[in-house]
Amino acid sequence: MKGVEKWYEESYKSGGFKAQRRYPNEELLRFLGGTFFNKIDIKNRQKIKILEVGCGSCANLWMVAKEGFDAYGLDISHEALKLGEQMLNKWQVNADLKQGSFLELPYKDESFDVVIDVVSMSCVNHNEMIQGLGEVHRVLKKNGLFFSYENSQDSSVFRDYLPARKLDEYTLNGIYREGSPLAGNHYPLHFWKKEDYIKTLNNINFDVEYMERVRKEYFEGREYMEYLSCYARRK
């Protein structure tokens with residue numbers, strides 16, 4: 001994780017807010033909307049504790065806080081969290097931000113109603129991914145929800161990965177092919193097979209309630225990224 005931390009520290013330091021999107025992930029909005037927005041009035045959402053792992057500069061988290069939830073964010077990058085504070089201030093909201101790794105979440109067991117991950121947990125090899133998912137399960141309350149948005153192996157960057165190399169069946173050592181989506185991300189990137197992700201979550205004691213493929217095309221469809229949008233409930 002030290003290499004990942006260094007890469008993101010440099011990225012946020014040089015790029016500022018341009019290093020990450022400024023507005024929330026669309027599938028996250030869909031998840032929160034269908035789960036909470038029409039069921040719990042905004043005045044009564046403060047009792048719902050939501051943690052985002054890999055919150056970055058808080059492009060998702062400001063919305064979570066703005067919608068009235070008790071918001072928490074964790075990121076490995078100190079530079080990202082400094083930008084995150086600015087983002088929260090801009091939207092006049094608050095969230096509890098901490099620097100740390102999702103491999104060892106600095107929270108007590110059964111602390112959160114919801115945990116969010118938008119691609120951040122993909123920056124590790126497969127064994128570390130399993131470890132991180134175990135940590136997510138640990139900090140979720142019973143029947144708590146995990147929203148994840150993860151890289152799929154049905155992406156052109158994984159199918160045509162050379163000159164990168166595979167660290168294991170699921171992980172590339174980075175994206176080195178020029179002209180491909182995510183080119184220049186020179187750190188480990190994990191890609192799931194849909195059926196393997198479902199099986200893994202079940203083995204960790206999650207019930208997968210929803211999983212959908214989301215495809216984004218680039219360069220008139222010559223390149224594409226596929227993501228797995230997943231809602232899983234802790235048993």
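The values are calculated or read from the model by the stated rules, or taken from the named source; none is laboratory data. Because the structure is predicted, anything quoted here is derived from the model rather than measured. Neighbour counts run over all protein chains shown; Cβ positions are idealised from the backbone, glycine included. Ligands, DNA and RNA are stripped out before the accessible areas are found, and what is left, the full protein with its side chains, is counted by its heavy atoms. Shrake-Rupley method; radii C 1.70, N 1.55, O 1.52, S 1.80 Å.
Sorting the segments 87-97, 145-155 by their residues' average number of neighbouring beta-carbon atoms within 10 angstrom, most packed first, yields 145-155, 87-97.
Largest to smallest in accessible area, the residues Leu103, Leu167, Leu28 fall in the order Leu167, Leu103, Leu28 (1.4 Å probe, all protein chains included). What is the helix-to-structure angle for 194-203, meaning the angle in degrees between its Cα long axis and the longest Cα principal axis of the chain, kept from 0 to 90 and rounded to the nearest 10? Orientation of helix 194-203: about 50 degrees from the principal axis.
With all protein chains in place and a 1.4 Å probe, the accessible surface of the stretch 163-220 carries 45 percent carbon and sulfur. Solvent-accessible surface of the chain, averaged per residue with a 1.4 angstrom probe and all protein chains in place: 47 square angstrom.
For the chain, the Cβ-based charge dipole about the Cα centre amounts to some 460 debye (Lys, Arg positive; Asp, Glu negative; other atoms uncharged). Relative to the longest principal axis of the Cα atoms of the chain, the long axis of helix 78-90 makes an angle of roughly 50 degrees. Of the peptides 67-76, 37-46, 104-113, the order by per-residue mean of other Cβ atoms within 10 Å, starting with the highest, comes out as 67-76, 104-113, 37-46. Note on the stretch 75-208: antiparallel DSSP beta bridges, both residues inside, total approximately 35 percent of the bridges counted. At R0 = 30 Å, how high is the FRET efficiency between Lys235 and Asn44 if r is their beta carbon distance? Nearest 0.05 is fine. Working from the Cβ atoms, E equals 0.70. The angle between the Cα long axis of helix 2-15 and the main principal axis of the chain comes to about 80°, on a 0 to 90 degree scale.
Between Tyr218 and Phe37, the FRET efficiency estimated from the beta carbon spacing at R0 = 45 angstrom works out to 0.90. The charge dipole of the stretch 156-204, taken about its Cα centre with unit charges on the Cβ atoms of Lys, Arg (+1), Asp and Glu (-1) only, comes to about 40 debye.
Summed over qualifying helices (DSSP H, 4 residues or more, each -39500 (n - 2.57)) and divided by its residue number, the chain shows a 222 nm mean residue ellipticity of -8500 deg cm²/dmol. Between the DSSP loop rule and a limit of at most 14 other Cβ atoms within 10 Å, which GluC sites (Glu not before Pro) in the stretch 203-235 are left? Those satisfying the criteria are Glu220. For the stretch 121-235, the tally of Lys pairs with Cα-Cα distances below 24 Å comes to 13, considering only residues 8 or more apart or on different chains.
The value of relative contact order for the stretch 63-122, using C-alpha pairs under 8 Å at least six residues apart, is 35 percent. Measuring nothing but protein heavy atoms, the accessible surface of the stretch 52-108 at 1.4 Å probe radius is 45 percent carbon and sulfur.
Charged neighbours of Ile42, selected by a Cβ distance under 15 Å, balance to +2 (K, R count +1; D, E count -1).
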